Amino acid sequence: MSLVIVGIGGPSSSGKTTVARALHLLLPKATLIHLDDFYYPDDQIPNDHTHNVANWDCPEAIDWEKFSNYIKELRKSDGANLPVKSLEMDTPLKLDEKDVAELKPAVDAFLELISGKRLIFVEGFMLFHDEAILLLFDKKLFFHGPHDVLKDRRESRPGYQTVDGFWEDPPNYFDNIVWPEYKRTHKHLFENEDVESKLTEQSKQLGIADFNNDGTSNLLHMTRWALQQMSL
């Protein structure tokens, strides 16, 4: 059985995890892996000395060797070695029965297209910052959005489960840590290094399909787009 690994990336609060869960709901035989499960333990998360706070949004917070080896092992085993228990918290999905029915033709067409293949979704905030990681995936879906939209979403969240406990953002964490780290690590993907602009042609040639989640699209639209992109 051959394997299709779909990377679903993007900055915090861009919609990537919600879309990944929606796809997993629609394609229940697929496997969903969260990059957050490869964070280092809490006491190994880098400290931002400028603001004297843990930096969960830099590449150095993730055990990339463990993650890369894990994906490569999945590839070798055609997905027979599946993931460890996830730290991700369950959240209610926004696809209702009407949405599921509306998406059924696209789902059926995609299932026919990948018949006989094992499907794995990998979602995370730092999947496309480095070409060596990016190349681990067969399909690459990148959700992003403008600063103000992402900030409002991030600051509405209660917090995040970690390896050793629970993290709540301190005041101004988005502007001090999240957004600057996203810009630093992803600006090379965008025209004029402007993360609120368009992807460069080189990024597109690497197979990255992007969705600008600017607050005008709902989960139905984003999920339909993802199914279309995976079918190309």
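The values are calculated or read from the model by the stated rules, or taken from the named source; none is laboratory data. Because the structure is a prediction, the values reported are computed rather than measured. Cβ: placed from backbone, ideal geometry, glycine included. Neighbour counts: every protein chain shown. The accessibility values were calculated without ligands, DNA or RNA, using every heavy atom of the protein model including side chains. Shrake-Rupley method; radii C 1.70, N 1.55, O 1.52, S 1.80 Å.
Quick rundown of the values:
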{"read-out": "Of all residues making up region 139-151, the number that are surrounded by fewer than 22 Cβ atoms within 10 Å (Cβ to Cβ) and in contact with a helix residue (DSSP H, G or I) (Cβ under 9 Å, 6 or more places away or on another chain)", "value": "3"}
{"read-out": "Every residue from region 104-125 that is small (Gly, Ala, Ser) and in a strand (DSSP E or B)", "value": "124"}
{"read-out": "Within region 192-203, tally of residues that are of a type outside the set (Ser, Thr, Tyr), in a helix (DSSP H, G or I) and surrounded by 14 or more Cβ atoms within 10 Å (Cβ to Cβ)", "value": "0"}
{"read-out": "Check on residue 166, closer than 20 Å to residue 94 by Cα and open to solvent by 10 Å² or more (accessible area, probe 1.4 Å)", "value": "no"}
{"read-out": "Subset of region 163-181 (residues that are within 19 Å of residue 40 (Cα to Cα) and in contact with a His (Cβ under 9 Å, 6 or more places away or on another chain))", "value": "177"}
{"read-out": "Cβ-Cβ under 8 Å pairs, at least 6 apart or on other chains, region 30-52 side loosely packed, with under 14 Cβ neighbours inside 10 Å and assigned to a strand (DSSP E or B), far side among the β-branched types (Val, Ile, Thr) and at pLDDT 95 or above", "value": "47/53"}
{"read-out": "Residue satisfying all of: in region 4-60; out of contact with any Phe, Trp or Tyr (no Cβ under 7 Å at 6 or more places or on another chain) and of a type in the set (Lys, Arg); modelled with the highest pLDDT among these", "value": "21"}
